[in-house]
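For reference, the structure is listed below as structure tokens.
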Protein chains: 2
Amino acid sequence: MAVRLHEIGEFGLIARLKEIVWRTDARVMVGIGDDAAVVTYERPVVMTTDALVQGIHFTRDTMTPETTGAKAVVATLSDLAAMGAVARHLLVTLALPPDTDVEEILAMYRGMADVCETYDVTLIGGDVVSTGGPLVISVTATGELLDKPLLRSGAKPGDILFVTGDLGGSAGFLHALFADRLTMLMPLDLALLRERHQRPTPQFAAAQILAEEGCTSLNDVSDGLASEAHEIAEASGVHLVIEADRIPIPPALRAYARMGRESPLDFALYGGEDYQLVGTVDVRRAGRVLARMQASGVRFTIIGRVTDGAPGVELLSQGIYQTIEKRGYNHFEAALRGDKEIR
Amino acid sequence: MAVRLHEIGEFGLIARLKEIVWRTDARVMVGIGDDAAVVTYERPVVMTTDALVQGIHFTRDTMTPETTGAKAVVATLSDLAAMGAVARHLLVTLALPPDTDVEEILAMYRGMADVCETYDVTLIGGDVVSTGGPLVISVTATGELLDKPLLRSGAKPGDILFVTGDLGGSAGFLHALFADRLTMLMPLDLALLRERHQRPTPQFAAAQILAEEGCTSLNDVSDGLASEAHEIAEASGVHLVIEADRIPIPPALRAYARMGRESPLDFALYGGEDYQLVGTVDVRRAGRVLARMQASGVRFTIIGRVTDGAPGVELLSQGIYQTIEKRGYNHFEAALRGDKEIR
């Protein structure tokens, strides 16, 4: 029978969580168990925080407890990668309904612990509180800068625009789920799209190469390529041209989009939660960066270029230029409408 | 007319929040506005996180938006003080219902900004997400260690046991509020108890003296003296004797307790949210520590001593020793019962 959170209490829960996340880390002077953790860093410290809310960012249909925990950490680590940092430590706060099944919480932490092990990150603290509402996971991550911080603001005309990995798969999975079309997908296509949504990966290998070779701007793709490209264009004061045919879209998504006559591009441009990197590189360095990415097994695709002109983003598709709106997703408006599509 | 959050969206809100929290800080290389913040530290870094949930930790009756923001920060900074650190940076995550009045959110941030200014702390980032449930504020704070970390684990027989400030006032205010007895209080007593609950202060001045003079254990009083003393007893493997008459209880609380025939001691022992420091000091250093505390205007009270014996806490009251239970407050059980008393 399921053990509920209120039966074991905060101290009971924390004792079990400590076992799951415990690992050795020479940078940790004081770990979980006192008022606060104490850690040491040798370089400038990069810090970021990201939260996921049940019913808004995930549901029982879209994610398992284990992938929810893992993804909450990945979403936060992705911001560290986008700054050119290596990840170091995590603090995790959970607001939990008191009747939560303890096994679900432990599964979430096992998901976090797996990601921590993969990227050599240590969970050093957190807080567990009760809520009368949905589950909230808030993750704060620290990293150390590899070299200079990789900002959004240095793109210049002539640079090439790139992305890592492929885009739109995560949004494609949600679309198929909510349109009740999962069974229309080929099993391997379904597995790939689900994987893109449930198990994104932070792009540290790419970030390290970019930190070493230099890139002129960098951003992670959490809200869709259109929005992230706009952020670079605005921060750098440049114009970006994206060539539609170059955007890397997984064949599984193309197959899905064909069925429902959806545009696969829309998923890549406005979908989000891909956690890939988008950025710009000086054209003279592009060849070397591409070669190193290939040697490291990182998919790296040139999708456009930086030009003069008013800050903004254009899409070149079949010889025609069209302006791409920023179209930032307004979570608050969506939640109020009771959107089925979660974000 | 009130502007609701969904009308201005995440980007609109963040632009306004940035204005409120902006301040210069030579340790900040990259502040709010990119994927992550970048900061520099010279000493070991202390990190902690704390969350408040509406309906559990506060309601519209117990707190104003401005004091809620301030207290969320103070609760987190208090842990830094209890480690012997000076505060540096904050990351704040808010999960907000989409129909939240924007003015309330701005008031919360003004409360945070006031605390930041007082303790020379800079808010360097955060996240704002939508929730279908109650408002959640999650604050992560960093600090730099002044000297060695002040842990809970070094108390030894013969040490004196102390607390800063006074205890129980915060719980007394909540008790009076929920028992509908606020109007029975003298106006100045009411003002003091409300202040204790709504505007606690982190004990950095005391922490600095303790870091310089050395203390053998230290903890902050967030869950009541009984629970915090137990944490020291367990971490240090010692027995603590608290003399009931020495516990500093504000006269306003004594007056309130007399009315309802409550025990003022219970508020101090089991109330919590005082955010004072409790700890132990070698008896040979106690005089010097006391003198420096007095010179700095910090109220510092010797309330007992450390003895041999099995880890635990005893209260000496009118010549009689009684064992004090840890009585950790189980938020989850309380929430399930629908307790009126919030924590």
Could you tell me the convex hull volume per residue, in Å³, taken over the Cα atoms of chain A? 145
Nearest-10 value in Å² for the accessible area of B:Asp266, using the 1.4 Å probe: 80
Relative to the compact-globule scaling 2.2 N^0.38 Å, provide the ratio for the alpha-carbon radius of gyration of segment B:72-140. 1.17
A:Ile209: net charge of surrounding residues, Cβ under 13 Å, Lys/Arg +1, Asp/Glu -1, itself excluded? +1
Copies compared at A:Glu42 - label distances in nm, ascending, label defined 7 Å from Cα in the Cβ direction: 2.1
So the label point sits 7 Å from Cα along the Cα-to-Cβ vector; using that for B:Ser296, what distances do you get to the other copies, in nanometres, sorted shortest first? 4.6
Restricting to Cα pairs below 8 Å that are 6+ residues apart, what does the relative contact order work out to for segment B:9-145? Please round to a whole percent. 38
Considering only DSSP beta bridges whose two residues both sit in chain B, what percent are antiparallel, to the nearest 5? 75
Candidates A:Asp35, A:Asp159, A:Asp147, ranked by Gaussian network fluctuation over chain A, Cα under 10 Å, top entry: A:Asp35
Nearest 500 deg cm²/dmol is fine: what mean residue ellipticity at 222 nm does chain B get from its DSSP H runs of n ≥ 4 alone, each adding -39,500 (n - 2.57), divided by its residue count? -12000 deg cm²/dmol
Averaged over its residues, how many other protein chain Cβ atoms are within 10 Å of peptide A:297-307's Cβ atoms? 0
Please work out the average accessible area per residue across segment A:9-145, using the 1.4 Å probe convention, and give it in Å². 30
Given a 1.4 Å probe and every protein chain left where it sits, what share in percent of the accessible area of segment B:9-145 is carbon and sulfur? 49
In terms of the charge dipole of chain A, which places +1 on Lys and Arg and -1 on Asp and Glu at the beta carbon, the residue among A:Gly169, A:Pro248, A:Phe58 farthest towards the positive end is A:Pro248
Axis carrying B onto A: which residue of B has the nearest Cβ, and how far, whole Å? B:Gly133, 1
State in Å² the accessible area per residue of segment A:180-260; use a 1.4 Å probe, count heavy atoms of protein chains only, and round to the nearest integer. 39
For segment B:1-31 and segment A:166-240, compute the distance between their C-alpha centroids and round to whole Å. 26
Roughly how much of B:Tyr256 is accessible, in Å² to the nearest 10, using a 1.4 Å probe? 0
Nearest-0.05 FRET efficiency for B:Arg254 and A:Leu316, computed from C-beta distance (R0 56 Å): 0.15
Farthest towards the positive end of the dipole of segment B:160-334, among B:His239, B:Ala268, B:Thr301 and with Cβ unit charges of +1 on Lys and Arg and -1 on Asp and Glu, lies the Cα of B:Thr301
Thinking of segment B:9-145 as a set of Cα atoms, what percent of all their pairs are more than 17 Å apart? 57
Could you put B:Glu19, B:Glu213, B:Glu314 in order of accessible surface area, largest first, with the 1.4 Å probe and the full protein assembly present? B:Glu19, B:Glu314, B:Glu213
Say the cut-off is 24 Å between C-alpha atoms; which of A:Lys71/B:Lys18; A:Lys156/B:Lys18; A:Lys71/A:Lys156; A:Lys156/A:Lys326; B:Lys71/B:Lys148; B:Lys18/B:Lys71 go over it? A:Lys71/B:Lys18; A:Lys156/B:Lys18; A:Lys71/A:Lys156; B:Lys71/B:Lys148
Give me the accessible area of B:Lys156, 1.4 Å probe, in Å² rounded to the nearest 10. 80
So the label point sits 7 Å from Cα along the Cα-to-Cβ vector; using that for A:Asp99, what distances do you get to the other copies, in nanometres, sorted shortest first? 2.4
Buried solvent-accessible surface, both chains (A, B), 1.4 Å probe, Å² to nearest 100: 5300
What are the residues whose amide H is under 5 Å from the amide H of B:Arg88, where those residues sit 5 or more places off or on another chain and H is modelled from the backbone? B:Thr142, B:Gly143, B:Glu144
With point charges of +1 on the Cβ of Lys and Arg and -1 on the Cβ of Asp and Glu, referenced to the Cα centre of chain B, which listed residue (B:Ala36, B:Val283, B:Leu218) lies farthest in the positive direction of the dipole? B:Val283
Environment charge of B:Thr49, counting only residues whose C-beta is closer than 10 Å and scoring Lys/Arg +1, Asp/Glu -1: -3
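The values are calculated or read from the model by the stated rules, or taken from the named source; none is laboratory data. All values derive from a computational prediction rather than experimental measurement. Using ideal geometry, Cβ is built from the backbone for each residue, glycine included, and neighbour counts are taken over all protein chains shown. The accessibility values were calculated without ligands, DNA or RNA, using every heavy atom of the protein model including side chains. Shrake-Rupley method; radii C 1.70, N 1.55, O 1.52, S 1.80 Å.
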